[in-house]
1. With unit charges on the beta carbon (Lys/Arg positive, Asp/Glu negative), name the residue among 375, 75, 183 whose Cα is farthest towards the positive pole of the charge dipole of the chain.
2. Taking 0.36 nm per intervening residue step and subtracting the Cα-Cα distance, what contour gain separates residue 219 from residue 239 on full extension?
3. Work out the FRET efficiency for residue 74 and residue 485 from their Cβ-Cβ distance, taking R0 = 60 Å, and round it to the nearest 0.05.
4. Calculate the spin-label point distance for residue 361 paired with residue 277, positioning each point 7 Å from the Cα along the beta-carbon direction, and give it in nanometres.
5. If all Cα-Cα distances of the range 1-145 are sorted into 10 Å bins from 0 onward, what percent lands in each bin, rounded to whole numbers?
6. Have a look at 612, 655, 584 and report the one farthest towards the positive end of the charge dipole of the range 579-671, computed about the Cα centre with Cβ charges (Lys/Arg +1, Asp/Glu -1).
7. Is the chain rounded, prolate or oblate when judged by the Cα gyration tensor, a ≥ b ≥ c being the square roots of its eigenvalues, rounded requiring a/c under 1.5 and prolate requiring a/b larger than b/c?
8. If we restrict to alpha carbons, what Rg and Dmax does the range 307-384 come to, in Å?
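The values are calculated or read from the model by the stated rules, or taken from the named source; none is laboratory data. Everything numeric here is computed off the predicted structure, so don't read it as measured data. Every residue, glycine as well, gets a Cβ built from its backbone with ideal geometry; the counts of neighbours run over all protein chains shown. Surface areas here come from the heavy atoms of the whole protein model, side chains and all, with no ligands, DNA or RNA. Shrake-Rupley method; radii C 1.70, N 1.55, O 1.52, S 1.80 Å.
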Amino acid sequence: MPLSEPVVPRRHAVAAATRDRVLSALERNGALQRLGARDAAVFRTRLQRHFADAFAPLRALYGHESGEQPHFQALLERLFGIVSEAAEARTEDLRILDHRREVDPDWFLHETMIGYVCYADLFAGDLAGVGERLDHLAELGVTYLHLMPLLAARDGPNDGGYAVVDYTRVDPRLGDVDDLRALSAALRERGMSLCIDVVLNHTAREHRWAQAARAGDPHYLAFYLTFMDRTLPDAYETTLPEVFPDLAPGSFSWDDDLRAWVWTSFYDFQWDLDYRNPEVFAAMLEVLLFLANTGVEVLRLDAVPFLWKRLGTDCQNQPEVHLLLQALRALVRIAAPATVFKAEAIVAPGKLVRYLGGHDDGQRPECELAYHNQLMVLLWSALAARDATLMTAALGRMEQPPRTTGWVTYVRGHDDIGWAVTDADAAAVGLDGATHRAFLASFYAGDFPGSFAQGERFGVNAATGDARSSGTAASLAGIEAALEAGEPELLDAAVARLLLLHAVIYGWGGVPLLYMGDELGLRNDRSYLRDPTRAGDNRWLHRPRMDWKAAARRHDAGTVEGRLFAGLRRLADARRRCPPLRGGGATTPWWTDSPQVFAWLRQHPREGGMLGLANFSDTASTIDAGLVAHAGMAAGVDLLRDGAEPVLRDGRLELPAWGCAWIVPAEASRWSW
Ligand code: OTU
């Protein structure tokens with residue numbers, strides 16, 4: 001080979017040639033020209049930059065190697081056609097946002113980020129109503145609003161909106177797509193980004209695609225996983241866990257119209273899509289881009305672990321799931337780079353970081369955010385046990401997310417809490433996994449002796465004995481019981497517990513999510529029992545309606561609402577003054593010489609460090625102050641106490657019952673006070 005010819009690995013050569021063919025196709029049909037000269041140049045650069053990130057996973061998924069190259073090329077041209085049309089449909093506003101986000105790619109991981117999660121109807125009636133309540137969010141420092149499912153869902157039971165009939169229509173009770181556009185713009189004006197759910201894994205049985213399938217249309221029949229008899233369903237079910245063992249047993253449902261079994265991982269009215277079919281991929285790509293073009297900035301990708309099935313496995317976290325996410329990531333980025341993906345993957349700790357693109361063979365762009373389910377579970381575990389040993393060990397064993405990505409951290413959400421403590425993590429600290437999980441379910445159902453919690457069991461699995469928990473954060477932390485008992489001391493303790501949990505999630509790094517009502521300590525809501533479409537699903541216990549009367553007490557320091565609200569505002573202020581929490585840092589738990597005290601060190605390559613401390617005991621605890629020095633915070637100050645120096649006694653640092661501290665070096669904090 002002559003020296004002048006560069007050695008290009010074949011893989012890259014194929015990708016480059018394919019890319020050029022895709023680009024010429026877009027030029028031939030005028031798609032690029034329609035973007036206007038400037039945006040066409042930018043689009044072309046993005047396509048060149050990200051093409052391989054789409055090409056490689058798509059080829060692995062749909063590019064059957066053997067002689068079907070023209071087919072695959074046609075598929076690519078079609079997908080990029082969808083992408084270029086979406087780029088063309090993007091409004092001027094959003095194109096400017098795209099530029100801003102490309103200049104500031106870790107915008108969603110700034111230390112100023114604070115999320116709020118609510119149902120539009122329960123919070124403020126409808127989308128327009130939400131727009132009128134933004135002051136409430138601004139007071140809490142919110143910069144990110146996750147509105148729970150708001151697209152048109154089936155009538156009757158719809159799993160809280162997770163059974164969508166039309167991804168391009170807003171639930172008419174909440175408004176329409178124009179209201180969604182108006183709200184996303186109003187939010188942006190106030191420095192808040194909108195996040196909404198995209199239910200990728202399944203549609204409602206009443207979705208147009210499913211209706212066509214039921215009417216016998218072979219094109220749409222191929223959108224779903226259907227089986228003429230029980231042979232394959234039975235074979236799959238030998239290794240499939242049940243998501244809702246009591247409410248919707250099994251993973252297949254008989255459909256009378258189809259005269260077949262349909263794959264339904266969740267409720268029987270939620271039909272799993274078949275992503276082996278590239279038509280499904282193309283259809284969902286259009287959905288994502290349509291939603292991105294309404295100004296939604298964060299897409300919460302629901303139930304992603306379930307997207308690909310494989311016989312003999314639990315049909316979660318299959319390698320193809322990651323390929324799908326990588327391909328979608330690259331394609332959406334080319335048209336709408338201001339859009340961030342958030343993975344809803346509530347899976348074993350060892351499988352989580354892959355959703356953020358951390359793979360054995362290096363980093364591949366996937367989702368930018370993912371739920372830190374382990375942190376949430378271990379917080380409640382430590383609170384019940386009054387001991388942080390398991391939490392320290394289990395979190396210490398987890399991998400770091402890639403530096404360009406981050407966790408969303410949370411105390412409570414709309415789902416049950418699944419007690420995802422692995423047997424290995426439990427064993428590492430001398431606990432039996434099953435016993436500890438049963439303890440947690442019992443503790444948070446309020447039936448363990450000495451429990452302060454008032455919750456309920458969810459998803460009790462008669463076969464395995466597993467149980468999850470429902471209840472609002474306030475009720476689980478003891479506020480409901482304390483108010484019933486009318487004992488101020490119990491209430492002080494419960495308020496301190498709830499703030500303790502939030503002090504950890506606000507100080508971890510990533511985006512903390514505040515769940516609606518937790519800023520006021522809203523208790524369990526049993527009104528769902530009167531609604532037959534909800535009565536069977538006690539997750540509605542912790543989906544209360546916003547109590548605006550309670551909110552009116554938020555500045556009254558003598559009330560529960562006032563104490564929680566002020567506490568959360570203090571945390572928000574401290575976060576904004578804490579650059580180490582910015583994206584690009586890493587967080588690791590640290591052992592202390594007190595099992596009740598959880599310590600974590602946040603380190604940022606440019607912004608320095610922060611040592612977080614949280615005392616899970618109902619009495620004061622002390623730790624060796626040498627630890628603080630060892631973490632590089634010898635002359636440290638506590639951001640949670642207005643920059644005061646930590647209380648030291650006989651070389652030990654003292655934390656009150658359920659007390660917390662965020663210690664930063666004094667000189668680092670000087671500029672911010
Ligand atoms: C999600 O949760 C939603 O958060 C739920 O509210 C929905 O019911 C469900 O999807 C179906 O759309 O199993 O217990 O690993 O754990 O997707 C909740 C992800 C769930 C799953 C998660 C699912």
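1. Result: 75.
2. Stretched out fully, the residue 219 to residue 239 stretch lengthens by 4.2 nm.
3. 0.30
4. Distance between the two pseudo-spin positions: 2.9 nm.
5. The calculated distribution, bin by bin, is 9, 26, 24, 22, 14, 4, 1, 0.
6. The listed residue farthest towards the positive side: 584.
7. prolate
8. Just the Cα atoms of the range 307-384 yield Rg and Dmax of 14.2, 47 Å.
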